[in-house]
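Trainee: Please see the structure below; I have some questions.
The values are calculated or read from the model by the stated rules, or taken from the named source; none is laboratory data. Here the structure is a predicted model, which means the values were calculated and not measured. Every residue, glycine as well, gets a Cβ built from its backbone with ideal geometry; the counts of neighbours run over all protein chains shown.
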Amino acid sequence: MNNNTNINIEIKAKCGNISGIKKILENHNAEFKGTDLQTDTYFKVNKGRLKLREGNIENNLIYYERRDNKLPEKSEFILLPVSNSKKLKAVLTRCIGVLIEVKKKREIYFLDNVKIHLDVVKPLGSFVEIEANNQNGKFHVSYLRKQCDYYSKLFGIGKKDLISESYSDMMLKIKFKKNTY
């Protein structure tokens, strides 16, 4: 990508104990940003993923590239704050088309440069995401990986809990199964 690109190392995992993770975050003085009711509209693109996030806290157009991997994975992304998401959504829908929509309730926490999401995605279930951000080159990727590993262990995330796919991929599988019967 280019100079406008941000870098995260991130993981996503199934989460059967959101209340336990909340307690750990509280004990570590995590900054709670709030609960965001989000709709992510994924658009049909040739490379990477393009989504429009509409929420009561976060409203962004996000383009990102990352491999699907259960281990902490590097994600390169460009984030564009959006003030008129309805018009942008209408333009993108007409120009390139919608792939899928994902609706979720997301609790957002920060511990320094690490962003933690506690998500409830219907009909997929509950998840935790850990995103360690390099803050424009301030941190090396190896340090970000160590942070993800540390928080994974702290939250009791096992290898069996890790997920390689995005919510959009999981939703597309459900949609495909419904359409094949």
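Trainee: Identify, by number, the condition in (1) without any contact (Cβ under 8 Å) to a residue 12 or more places away in the chain; (2) of a type in the set (Lys, Arg); (3) touching a Phe, Trp or Tyr at 6+ places or on another chain (Cβ under 9 Å) that residue 94 doesn't meet.
Mentor: Condition not satisfied by residue 94: (3).
Trainee: Here's something else I'd like to know. I'd like the residue in the range 121-144 that is among the aliphatic types (A, V, I, L, M) and buried (at least 19 other Cβ atoms within 10 Å of the Cβ) and, out of all such residues, is farthest from the chain's Cα centre (by Cα). Working first, answer last.
Mentor: Step one: filter the range 121-144 for residues among the aliphatic types (A, V, I, L, M), giving 121, 124, 128, 130, 132, 141, 144.
Still in the list and also buried (at least 19 other Cβ atoms within 10 Å of the Cβ): 128, 130, 132, 144.
Values: 128: 9, 130: 8, 132: 12, 144: 16 Å.
This residue is 144.
Trainee: Looking for whichever is of a type outside the set (S, T, N, Q), farther than 19 Å from residue 109 by Cα and out of contact with any helix residue (DSSP H, G or I) (no Cβ under 6 Å at 6 or more places or on another chain) here; the options are 80, 52, 25, 37. Which one fits?
Mentor: One residue alone meets the criteria, 80.
Trainee: Is at least one residue of the range 53-69 in a loop (DSSP other than H, G, I, E, B) and under 16 Å from residue 7 (Cβ atoms)?
Mentor: yes
Trainee: Residue 172 - would you say it is closer than 19 Å to residue 49 by Cβ and either surrounded by 14 or more Cβ atoms within 10 Å (Cβ to Cβ) or not hydroxyl-bearing (Ser, Thr, Tyr) (or both)?
Mentor: yes
Listed here are the residues, each with its yes/no results for (1) part of a helix (DSSP H, G or I); (2) at pLDDT 95 or above; (3) touching a Pro at 6+ places or on another chain (Cβ under 7 Å).
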| site | (1), (2), (3) |
| --- | --- |
| 91 | yes, yes, no |
| 108 | no, yes, no |
| 138 | no, no, no |
| 173 | yes, no, no |
| 178 | yes, no, no |
